[in-house]
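The structure under discussion appears below in the form of structure tokens.
The values are calculated or read from the model by the stated rules, or taken from the named source; none is laboratory data. All values reported here derive from a predicted model rather than from experimental measurement. Cβ atoms come from the backbone with ideal geometry, glycine included; neighbour counts cover every protein chain shown. Calculation scope for accessible area: heavy atoms of the full protein, side chains included, ligands and nucleic acids excluded. Shrake-Rupley method; radii C 1.70, N 1.55, O 1.52, S 1.80 Å.
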Amino acid sequence: MSLKVGIIGCGGIATGKHLPALAKIEEVELVAFCDVILDRAEKSCKEYGSENAKVFSDYQEMLAACDLDLVHVLTPNSSHAEISIAAMEVGCHVMCEKPMAKTATEAKAMVEAAKKTGKKLTIGYQNRFRKDSQYLHTVCSEGELGEIYFGKAHAIRRRAVPTWGVFLDEKAQGGGPLIDIGTHALDLTLWMMNNYKPKFVVGTAYRKLAEMENAANAWGSWDPKEYKVEDSAFGFITMENGATIFLEASWALNSLDVKEAKTTLCGTKAGADMNDGLTINGEDHSTLYEKKIELEPGGVDFYDGTADDPAYNEARAWIDAVLNDTEPLVKPEQALVVTEILEAMYQSSATGEPVYFER
């Protein structure tokens, strides 16, 4: 059985992640491509499209004209909810890129649409599909760390501000590094802790380096006039069961402690971190230990093991969920909580007050 797939948004995340991964899956037929910049859709179609694949500049026209099984929504954050809901309402399963939506209200509407239509909805948190993440999740799920009562969600870049597209546009994206990369770190941490019940959040967002002229940056200096979002943000999250999480995110920060899409966990039986590979620490027979997890086989000439390709693993698992009618690994209800916490951090930063959740 093959699934007819439509792509809405043919920018960098499509060509860098989704399309190369989907192209490796034989049950997938890429039949429709849409982008407001038609040239991008045509280029993606030429490289990845099936025979007779169609190109559109309006997603509504695409949804009306094509009989699709599922859609990948790869547009700016502000349109995630609108497009995802429209796709589900015409009978498509939806993979939406992270974050789930620009606002919690929009994310809730997406969850409600999935329930109403009976269509599958998942969010592009591919870091769950890394080897270290999968291993650590198994460790956590089997209770080896005990009760995990403290976590750190790390998304720190020293100077790596994305200067293309709409990354610096608050209206289109809803924020900067917090909603862009902090979302990955928070998703990982909540997933490991299996804890999706926040009680309150305190957050601060900063624009301390955004005004710099001719700044050092991985993708060339940013334009301060175009930089409309924060350059770093930090938050403290208290959960209903008393657990706490510290979230740190930056595109530009004077720090050498750089780590992205990583988590640190502290439990009653042991702890874990991803700082230098995956390490488990604890106490055994009144002696402290550190256990470095080797995820590659090694030791064999001319063989380095299998490559860790989270993008492909994510796509493969998603397609399998649709084909086999099973739940996707990333559930929309989980992604909704991530969006709610991020929004609360921005709100707390703006008001200087903690934000409490009502459940």
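Below are the figures for this structure:
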{"read-out": "Folded to 0 to 90 degrees: helix 38-48 orientation relative to the chain principal axis, Cα", "value": "80 degrees"}
{"read-out": "Segment 305-355-segment 1-17 distance, computed between alpha-carbon centres (Å)", "value": "18 Å"}
{"read-out": "Among Phe56, Trp251, Val229 - extreme Cα towards positive end, dipole of the chain, charges at beta-carbon", "value": "Val229"}
{"read-out": "In nm, spacing of pseudo-spin labels at Glu283 and Glu89 (7 Å Cα→C-beta vector)", "value": "5.8 nm"}
{"read-out": "Lys, Arg +1 and Asp, Glu -1 on Cβ, resulting dipole of segment 3-123 about Cα centre, debye, nearest 20", "value": "440 debye"}
{"read-out": "Karplus 3J(HN,Hα) series, Hz, for segment 133-139 with 6.51 cos²θ - 1.76 cosθ + 1.60 (x for Gly, Pro)", "value": "5, 4, 5, 5, 5, 4, 4"}
{"read-out": "Whichever lysines have a C-alpha closer than 22 Å to that of Lys225, once near sequence neighbours (fewer than 8 apart) are set aside", "value": "Lys171, Lys208"}
{"read-out": "Where a label projected 7 Å from the Cα of Lys197 along Cα→Cβ would reach, residues of segment 232-257 with amide N under 15 Å", "value": "238-244"}
{"read-out": "Solvent-accessible area, 1.4 Å probe, carbon plus sulfur percent, for segment 94-133", "value": "48 percent"}
{"read-out": "Entries of Lys24/Lys262; Lys24/Lys98; Lys43/Lys108; Lys108/Lys269 with Cα pairs more than 30 Å apart", "value": "Lys43/Lys108; Lys108/Lys269"}
{"read-out": "Positive-end residue, the chain charge dipole about Cα centroid, Cβ charges, pick of Tyr196, Ile319, Cys34", "value": "Tyr196"}
{"read-out": "Residue-by-residue Karplus 3J(HN,Hα) for segment 280-293, coefficients 6.51, -1.76, 1.60, Hz, glycine and proline x", "value": "9, 10, x, 10, 9, 6, 6, 10, 6, 9, 10, 10, 7, 8"}
{"read-out": "Residues Glu142 and Leu295, FRET efficiency given R0 of 25 Å [Cβ-Cβ distance, rounded to 0.05]", "value": "0.90"}
{"read-out": "Simple Cβ-charge dipole of the chain, Lys/Arg +1 and Asp/Glu -1, about Cα centre, in debye nearest 20", "value": "540 debye"}
{"read-out": "Derived scalar couplings ³J(HN,Hα) [segment 115-122; Karplus, 6.51 cos²θ - 1.76 cosθ + 1.60; whole Hz; x for Gly, Pro]", "value": "5, 5, 8, x, 8, 6, 9, 9"}
{"read-out": "Positive dipole terminus of segment 3-123, leading residue within Met110, Val94, Val5 (C-beta point charges)", "value": "Met110"}
{"read-out": "Area of Tyr312 that stays accessible when all protein chains are in place (1.4 Å probe, Å², to 10)", "value": "60 Å²"}
{"read-out": "Acute angle (nearest 10 degrees) that the helix 80-89 long axis makes with the longest principal axis of the chain, alpha-carbon atoms", "value": "60 degrees"}
{"read-out": "Amide H contacts of Glu230 (H built 1.01 Å from N, under 5 Å, at least 5 apart or other chain)", "value": "Gly176"}
{"read-out": "Other-chain or far-sequence residues with amide H under 5 Å of Leu3's (modelled H)", "value": "Val28, Glu29"}
{"read-out": "Crossing angle, helix 332-351 versus the chain [Cα axis fit, 0-90 degrees, rounded to tens]", "value": "70 degrees"}
{"read-out": "P(r) tail fraction, segment 1-122 - alpha-carbon pairs more than 25 Å apart, %", "value": "15 percent"}
{"read-out": "In Å², nearest 10: area of Glu170 left accessible to a 1.4 Å probe", "value": "80 Å²"}
{"read-out": "Over the chain: helical MRE at 222 nm, DSSP H runs n ≥ 4 each giving -39500 (n - 2.57), nearest 500", "value": "-9000 deg cm²/dmol"}
{"read-out": "For Glu260, distant residues with modelled amide H under 5 Å away", "value": "Ile156"}
{"read-out": "Per residue value of the accessible surface for the chain (all protein chains in place, 1.4 Å probe), Å²", "value": "47 Å²"}
